[in-house]
1. Looking only at region 113-123, filter to residues that are open to solvent by less than 70 Å² (accessible area, probe 1.4 Å) and either in the same structural domain as Tyr33 (by TED's automatic domain parsing) or in contact (Cβ under 8 Å) with a residue 12 or more places away in the chain (or both); which one of those is farthest from the ligand (Cβ to nearest atom)?
2. Which is within 11 Å of the ligand (Cβ to nearest atom) and touching a Gly at 6+ places or on another chain (Cβ under 8 Å), of Val139, Val126?
3. Here is a list: Glu144, Glu150. Which entry is touching a residue at least 40 places away in the same chain (Cβ under 8 Å), farther than 19 Å from Gly32 by Cβ and not aliphatic (A, V, I, L, M)?
4. Output the residues belonging to region 93-112 that are surrounded by 18 or more Cβ atoms within 10 Å (Cβ to Cβ) and either among the aromatic types (Phe, Trp, Tyr) or not in a loop (DSSP other than H, G, I, E, B) (or both).
5. Hey, among the residues in region 75-92 that are under 22 Å from Arg147 (Cα atoms) and open to solvent by less than 60 Å² (accessible area, probe 1.4 Å), which one's farthest from the ligand (Cβ to nearest atom)?
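The values are calculated or read from the model by the stated rules, or taken from the named source; none is laboratory data. Computed from a prediction, not measured in an experiment: that's the story for all the values here. Reconstructed Cβ throughout: ideal geometry from the backbone, glycine too, with neighbour counts over all protein chains shown. To get the accessible areas, we keep the full protein, side chains included, count just its heavy atoms, and leave off ligands, DNA and RNA. Shrake-Rupley method; radii C 1.70, N 1.55, O 1.52, S 1.80 Å.
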Amino acid sequence: MKETDYDKIFSRFKGVESDIIPMLLRIQEKEGYISEEAVMRMSRFLRISENQIYGVASFYSRYRFNKPGRNSIKVCMGTACHVHGGKFSCEAFEWQFGVKIGERSDDGKFDLQQVNCMGCCTLAPVVQINEDIYGHTLVTGLKEMLRKYE
Ligand code: FES
């Protein structure tokens, strides 16, 4: 994000501690994630430590600290999905892309996230890729599922 983008976002705020959450939201809307540079600039603007900002941001699962991939894979780890093997899908994606939860593949095609219940437990285990929901997923079918997004 350019300096002018930050200036534009920051101009909407007073520069007080209670601005942290709405500022994080605006930055993530614009950039897709919360970069180290964004936290550093917020820290200067709000005159609080970067640790305080990370402390607030990391409390909420909605904030991401890694650049998103072109396609977003979300593996549900809610109770129903966990019981039906969601963990194995997660491990399979991690192995396939050489990434951990929250990271992006080296080629930038995919990022991997773990989420709690998506509200469609009868389809457990559930994987979401971008806006597409896949239910009753099997580890053996994940590679085929990804082909559409290559
Ligand atoms: S637990 Fe996965 S959709 Fe509800």
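1. The residue in question is Gln113.
2. Val126
3. Glu150
4. Phe93, Phe97, Arg104, Phe110, Asp111, Leu112
5. Filtering region 75-92 for residues that are under 22 Å from Arg147 (Cα atoms) and open to solvent by less than 60 Å² (accessible area, probe 1.4 Å), the one farthest from the ligand (Cβ to nearest atom) comes out as Ala92.
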